[in-house]
Amino acid sequence: PAELPALARFLAGGPGRAGLAARFYRITALVDCPHRQSELLEVADAILRLDVPGHVVEAGAYRGGSAAKLSLACARAGRRLRVFDGFEGIPPNDEVMDEADVLGSRSAGPARFEAGAYAASERELRATLARFGAPGVCEVIAGRFADTLPRERGPVAVAFVDVDLAASTRDCLRGIWPRLSPGGALFSHDGHLPLERAVLADPDTWSPLGPPPAREVGIGRRSLVRLEKGE
């Protein structure tokens, strides 16, 4: 029931969205998707609604459930989807959080993402796209974000970043934000994690990247954070 308002808002955004939403729910039923349906509906709405140039970027794909959903929205909007993932899971790290929702469990003490968590293969991602998504609009780029995203070219209209670590979040912002079109939106799925929240809220994060977000929604209040670039 808590998801119904988000579904209603999505359906009210234009004709033909009911079938798209139904396909999203089918993907959730058949693929392990570590996100709420309402969150991907919000990102999909931005893809369909925003009138800015560029393709769509996903950083952190896991088993491809979110990529399949985003690809369907991109096909409907006439956009390309570029999916970035290292296919090794969470990289080795020393990031320890005092309190966070990690791997679906609330922790009152120190918690961390272990190396290799959320690992899935490129073959599994491509199989999910082929079965449930629109693979014809997709390009998959394998490698560490620090290596692949700096080579990203062309404008980006919408980005969805789900990478769990503060260091990976910084790498994604460096690679994506300067190319985000004015009026575009970058979504982070890590607003519930203290270290990532600190990165997103820190003015020093944005100073080398150009104009900081003109508007932010969700930092410190929900998992999905929306950062909008000024016109």
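The values are calculated or read from the model by the stated rules, or taken from the named source; none is laboratory data. Note that the coordinates shown come from a computational prediction; the quantities given were computed from them, not determined experimentally. Cβ sites come from the backbone with ideal geometry, for glycine too, and all protein chains shown count toward neighbours. In case anyone asks, the SASA skips ligands and DNA or RNA and just uses the protein heavy atoms, side chains included. Shrake-Rupley method; radii C 1.70, N 1.55, O 1.52, S 1.80 Å.
Using a probe of 1.4 angstrom, how much of the accessible area of the stretch 29-164 is carbon and sulfur, in percent?
On the way: 2770 of 5970 Å².
Here it works out to 46 percent.
Here the Karplus curve 6.51 cos²θ - 1.76 cosθ + 1.60, taken at θ = phi - 60°, turns the phi angles of the stretch 41-46 into couplings of 5, 5, 5, 4, 4, 5 Hz, with x standing for Gly and Pro. Note on E122 and A146: the model spin-label points, each 7 Å out from Cα along the C-beta direction, lie 2.1 nm apart. Using only the Cα atoms of the stretch 103-231, build the gyration tensor, take square roots of its eigenvalues as a ≥ b ≥ c, and label the shape rounded, prolate or oblate: rounded if a/c is under 1.5, else prolate if a/b is larger than b/c, else oblate. Taking the square roots of the gyration eigenvalues as a ≥ b ≥ c, the stretch 103-231 is oblate.
Treat every Asp and Glu Cβ in the stretch 84-231 as -1 and every Lys and Arg Cβ as +1, leave all other atoms uncharged, and give the resulting dipole magnitude about the Cα centre to the nearest 20 debye. Please list the in-between numbers first.
Details: 17 positive and 23 negative charges, 105 e Å.
Result for the stretch 84-231 is approximately 500 debye, rounded to the nearest 20.
Remark: the stretch 121-163 carries 48 Å² of accessible area per residue (probe radius 1.4 Å; ligands, DNA and RNA excluded). With the highest mean first, a sort of the peptides 3-16, 74-87 on other beta-carbon atoms found within 10 angstrom per residue produces 74-87, 3-16.
Across the stretch 1-157, Cα-Cα pairs more than 29 Å apart make up 22 percent of the total.
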